[in-house]
Amino acid sequence: FQRGKEYDAKKKSGQPFRYDEEMEVIAEILNGERFISCHSYVQSEINMMMKVADHFNFRVNTFTHILEGYKVADKMAKHGVGAGTFSDWWAYKFEVKDAIPYNAAIMHKQGVTVAINSDDGEMARRLNQEAAKTVKYGGMSELEAWKMVTINPAKLLHIDNRVGSIKEGKDADLVLWTDHPLSVYARAEKTIIEGATYFDMEQDKKMRESVKNERTKLINMMLKEKAGGGKTQAPKISKKELMTCETL
């Protein structure tokens with residue numbers, strides 16, 4: 001950051017300077033033109049990063065994972081940083097040995113804007129249930145728990161003027177549930193994106209039946225062709241690679 005500060009000062013002075021992509025980004029952070037989402041776990045590194053930010057007069061936008069956020073929640077609130085955390089992940093590596101399920105609720109009660117993240121392709125489908133865990137662990141109200149997977153992440157991404165709540169003028173990205181959205185029994189009845197219905201449970205049932213009938217028809221055609229001496233070929237396997245943080 002010191003190098004970035006000196007680079008930016010030289011650039012602004014009008015002196016000749018050597019373009020540096022990394023320093024350009026650091027300068028944007030120092031000038032408040034780029035928001036930081038900082039990966040974090042333990043209180044020592046969280047404290048360190050906030051002190052660096054305070055020293056260079058910028059603000060960390062979001063600490064992600066932040067499983068020891070409950071230890072420094074008051075300092076986070078004072079700094080103005082938000083949190084994107086797991087509901088109840090722990091014991092999978094050394095840095096998370098002090099993680100507790102009350103983390104999100106404690107940070108919220110200190111005034112931190114908290115979002116529940118998934119970090120997993122499967123869990124992303126069940127963030128409503130992840131949010132519900134904060135009601136059990138920490139006594140969050142249902143409304144405040146729901147905000148952790150709706151308006152709060154939108155605020156942290158600076159897109160809450162477009163998404164995150166039901167309001168006239170927003171993008172009309174909505175889900176209609178069969179039950180209370182924090183319930184494990186809730187299923188998505190309709191999914192609407194920018195006002196267009198992308199999923200409808202009743203329509204989906206009809207489409208499944210249509211696909212089933214078409215599959216049966218095609219299989220019978222192939223069996224008939226095979227029985228008549230037609231050419232056959234071995235099935236081809238098509239594998240879809242699951243991309244994760246470690247893939248590259």
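The values are calculated or read from the model by the stated rules, or taken from the named source; none is laboratory data. Remember, it's a predicted structure, so these values are computed and weren't measured experimentally. Counting neighbours? That spans all protein chains shown, and the Cβs are built from the backbone with ideal geometry, glycine included. In case anyone asks, the SASA skips ligands and DNA or RNA and just uses the protein heavy atoms, side chains included. Shrake-Rupley method; radii C 1.70, N 1.55, O 1.52, S 1.80 Å.
Each residue, residue 122 and residue 197, gets one label point 7 Å from its Cα in the Cβ direction; the gap between the two is 3.1 nm. Taken along its three principal axes, the alpha carbon spread of the chain comes to 81, 52, 45 Å, from the longest extent down to the shortest.
Take every DSSP beta bridge whose two residues both sit in the chain; close to 40 percent of them are antiparallel.
Rounded to the nearest 0.05, what FRET efficiency is calculated for residue 18 and residue 56 with R0 set to 30 Å and r the Cβ-Cβ distance? Don't skip to the end; give the middle numbers.
Numbers: r = 22 Å, r/R0 = 0.72.
Once the sixth-power term is evaluated, E becomes 0.85.
Using only DSSP helix segments of four residues or longer, with each worth -39500 (n - 2.57), what per-residue ellipticity at 222 nm results for the chain after dividing by its residue count and rounding to 500? Counting only the DSSP helices, I get -12000 deg cm²/dmol. Across the chain, C-alpha contacts under 8 Å between residues 6 or more apart give a mean separation that, scaled by the residue count, equals a relative contact order of 9 percent.
Given R₀ = 25 Å, FRET efficiency for residue 74-residue 244 by Cβ-Cβ distance, to 0.05?
On the way: r = 34 Å, r/R0 = 1.36.
Efficiency computed from Cβ-Cβ geometry: 0.15.
For the stretch 170-248, which whole-number percentage of the solvent-accessible area (1.4 Å probe, protein heavy atoms only) is attributable to carbon and sulfur atoms? Don't jump to the answer; show the numbers that get you there.
On the way: 4150 of 7420 Å².
The C+S portion of the solvent-accessible surface of the stretch 170-248 is 56 percent.
Rounded if a/c is under 1.5, else prolate if a/b is larger than b/c, else oblate: which is the stretch 207-248, with a ≥ b ≥ c the root eigenvalues of its Cα gyration tensor?
On the way: a/c = 9.32, a/b = 1.81, b/c = 5.14.
Oblate is the answer for the stretch 207-248, as a/c is 1.5 or above yet b/c matches or exceeds a/b.
Compared with the direct C-alpha span, the chain from residue 33 to residue 183 gains 50.0 nm at full extension, assuming 0.36 nm per residue. Taking 17 Å as the straight-line reach from the Cα of residue 147, the lysines in range (excluding those fewer than 8 positions away in the same chain) are 109, 133, 136, 155, 167, 170. Seen against the Cα atoms of the chain and their longest principal axis, helix 43-55 is set at about 60 degrees.
Subtract the Cα-Cα distance of residue 213 and residue 6 from 0.36 nm times their separation in residues, and report this length gain in nm to one decimal. Could you put the intermediate results ahead of the total?
On the way: separation 207, 0.36 × 207 = 74.52 nm, distance 6.84 nm.
Computed gain between residue 213 and residue 6 is 67.7 nm.
Rounded if a/c is under 1.5, else prolate if a/b is larger than b/c, else oblate: which is the stretch 71-209, with a ≥ b ≥ c the root eigenvalues of its Cα gyration tensor? Mind showing how you got there, number by number?
Details: a/c = 2.33, a/b = 1.59, b/c = 1.47.
Because a/c hits 1.5 or more and a/b exceeds b/c, the stretch 71-209 counts as prolate.
Three principal axis extents describe the C-alpha atoms of the stretch 1-127; from largest down they are 53, 31, 25 Å. Scattering from the stretch 57-113 was approximated by placing one identical point on each alpha carbon and applying the Debye formula without solvent; log10 I(q)/I(0) at 0.18, 0.25 1/Å stands at -0.54, -0.94. An ellipsoid equivalent to the stretch 146-242, defined through the eigenvalues of its Cα gyration tensor, has semi-axes of 44, 17, 13 Å when rounded to whole angstrom and sorted largest first.
When the accessible area of the stretch 14-129 is split by element with a 1.4 Å probe, what percent falls to carbon and sulfur? Let's see the in-between values first.
Working: 3050 of 6150 Å².
Heavy-atom surface of the stretch 14-129 belonging to carbon and sulfur, 1.4 Å probe: 49 percent.
Listed by chain and number, the lysines whose C-alpha is less than 20 Å from the C-alpha of residue 93, apart from same-chain residues fewer than 8 away, are 71.
Counted residue by residue at 0.36 nm each, then reduced by the alpha carbon distance between them, the extension gain from residue 234 to residue 91 reaches 47.0 nm.
Measuring with a 1.4 Å probe in the full set of protein chains, what accessible area per residue, in whole Å², belongs to the chain? Could you put the intermediate results ahead of the total?
Working: 16970 Å² over 248 residues.
In whole numbers, the chain has 68 Å² accessible per residue.
Taking 12 Å as the straight-line reach from the Cα of residue 205, the aspartates and glutamates in range (excluding those fewer than 8 positions away in the same chain) are 189.
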